[in-house]
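Chemist: The structure that follows is given in the form of structure tokens.
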Amino acid sequence: MSLTAASLIPYNTFGLEQNAEQLVVLHDRQQLLEVWQAYSSMPLLVVGEGSNLLFTAPVSSLVIVNRLKGIKVTEVEDAWLLEIAGGENWHQLVCWTLVENMPGLENLALIPGTVGASPIQNIGAYGVELAQFCQQVESFDWRTGQVHQWTAAECEFGYRDSVFKHQAREHLILSVTLRLPKAWQPVLGYGPLAKLGGSATAQQVFEQVCATRQAKLPDPAVLGNAGSFFKNPKVVTAQAQALQLAWPQLPVFAAEPGVSKLAAGWLIDKAGLKGTRVGGAGVHTEQALVLVNHGGATAEDVLRLAGRVRERVEQLFGVRLEPEVRMIGAAGETNLDEALACLS
Ligand SMILES: Cc1cc2nc3c(=O)[nH]c(=O)nc-3n(C[C@H](O)[C@H](O)[C@H](O)COP(=O)(O)OP(=O)(O)OC[C@H]3O[C@@H](n4cnc5c(N)ncnc54)[C@H](O)[C@@H]3O)c2cc1C
């Protein structure tokens, strides 16, 4: 089993040039065991489609690109259970479930990336999150070589969060089992879905979600990006109310008791940052939450731009934005502060 150095351009939707010293594309579980037996002492970085990643430096960890494929369906009285291999593409899965008359995932259409990455940040859109359907996650523990099954409760799903960002960081997700209840109801609470009305079919919801996303979000194949660069910040409700007095248009959503969530894109827009550029990187002119690669951007451009956005928003609103994009430095996962400190 030999590994090769490789460019990471095909594996990050930002389209940033960066190299991996050791990379292997994983097609089956036997291959995983062989890689583990030979290289288990190396730190691991699992990559799906790189749609939530920013490589800030050449990567010296062992990069495993997950391309495990296959879907097993079990029908029970009130639901379909789908065990999906981690390397399947998420949007293709959503399309396939609709063709097979198994609705439920339509609000999550067009989210880029793999099924294996979907539990990591508990992907969500238009009022629906993966957590609502996730029954079980199967992972390979890189430290021990053991396969582990996680119930949904053990996954500790939260807003853009799960156990796989914390104590289970060194697990490679092999498969995800989703439970799609036969008793289906459309979820229409968000944005342009509301106008569809309660008799909407899953296909209609799917089409509306796709049309809205295509109108709002830049296509990474055309303009490199990793989706929302920052999370919607959570603040104590008293702070949200004070901000709303000063900025009556500020969108505020209830989160946990006593905690509110603010729209990060609105804050960035109001700070006048739409269209701001650093080198080849820019704040998208339509969707302020998305940082884009206008061509030839370097990781340094993106980091300096992200730092500038965070600083301006903090100066104006007293709210510190936290990146949603996962940053990977030479020695593994890093964060905006560490990555910026490495530049100066
Ligand atoms: C245009 C655009 C729109 C987006 N819209 C949304 C949205 O609406 N909602 C949303 O939630 N997200 C959104 N995202 C973010 C992204 O689509 C999700 O985070 C997605 O789940 C990432 O999948 P991936 O396969 O590309 O993961 P990668 O970017 O390759 O990896 C992301 C993280 O997961 C880890 N990882 C990946 N696969 C595995 C595995 N099998 N086992 C263990 N760890 C793994 C990686 O190490 C990394 O830390 C968007 C991104 C883009 C570019």
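The values are calculated or read from the model by the stated rules, or taken from the named source; none is laboratory data. For clarity, every value in this text was computed on a predicted model and none was experimentally measured. Neighbour counts are summed over all protein chains in view; Cβ atoms, including those assigned to glycine, are modelled from backbone coordinates with ideal geometry.
Chemist: Any idea which residue in the stretch 68-95 is farthest from the ligand (Cβ to nearest atom), counting only those that are within 26 Å of Ser228 (Cα to Cα) and touching an Asp or Glu at 6+ places or on another chain (Cβ under 9 Å)?
Modeler: Val94
Chemist: Specify which of the listed residues (Val35, Val47) is surrounded by 14 or more Cβ atoms within 10 Å (Cβ to Cβ), free of Cβ contacts under 8 Å to residues at least 40 places away in the same chain and farther than 20 Å from Ala226 by Cα.
Modeler: Unique residue meeting the criteria: Val35.
Chemist: Could you tell me whether the stretch 43-58 includes any residue that is farther than 23 Å from Asn335 by Cα, small (Gly, Ala, Ser), in a loop (DSSP other than H, G, I, E, B) and at pLDDT 95 or above?
Modeler: No, the stretch 43-58 contains no residue that is farther than 23 Å from Asn335 by Cα, small (Gly, Ala, Ser), in a loop (DSSP other than H, G, I, E, B) and at pLDDT 95 or above.
Chemist: Quick check on the stretch 96-116: of everything there that is of a type outside the set (S, T, N, Q) and on the phi > 0 side of the Ramachandran plot, which residue is nearest to the ligand (Cβ to nearest atom)?
Modeler: The extreme case among them is Gly113.
Chemist: Can you give me the number of residues within the stretch 1-31 that are over 12 Å from Val63 (Cα atoms) and either free of Cβ contacts under 8 Å to residues at least 24 places away in the same chain or within 16 Å of the ligand (Cβ to nearest atom) (or both)?
Modeler: The qualifying residues number 14.
Chemist: Every residue in the stretch 146-162 that is farther than 21 Å from Val63 by Cα and aliphatic (A, V, I, L, M), please.
Modeler: Ala152, Ala153
Chemist: Related question: Of all residues in the stretch 72-105, count the ones that are β-branched (Val, Ile, Thr) and in contact with a helix residue (DSSP H, G or I) (Cβ under 8 Å, 6 or more places away or on another chain).
Modeler: Matching residues across the stretch 72-105 total 2.
Chemist: Based on this model, can you work out whether Asp161 counts as on the phi < 0 side of the Ramachandran plot and under 17 Å from the mean Cα position of the chain (by Cα)?
Modeler: Considered against the rule, which asks whether it is on the phi < 0 side of the Ramachandran plot and under 17 Å from the mean Cα position of the chain (by Cα), Asp161 comes out as yes.
Chemist: Look at Leu267 and say whether it is more than 16 Å from the ligand (Cβ to nearest atom), in contact (Cβ under 8 Å) with a residue 60 or more places away in the chain and crowded, with 20+ Cβ neighbours inside 10 Å.
Modeler: Spelling it out, it is not the case that Leu267 is more than 16 Å from the ligand (Cβ to nearest atom), in contact (Cβ under 8 Å) with a residue 60 or more places away in the chain and crowded, with 20+ Cβ neighbours inside 10 Å.
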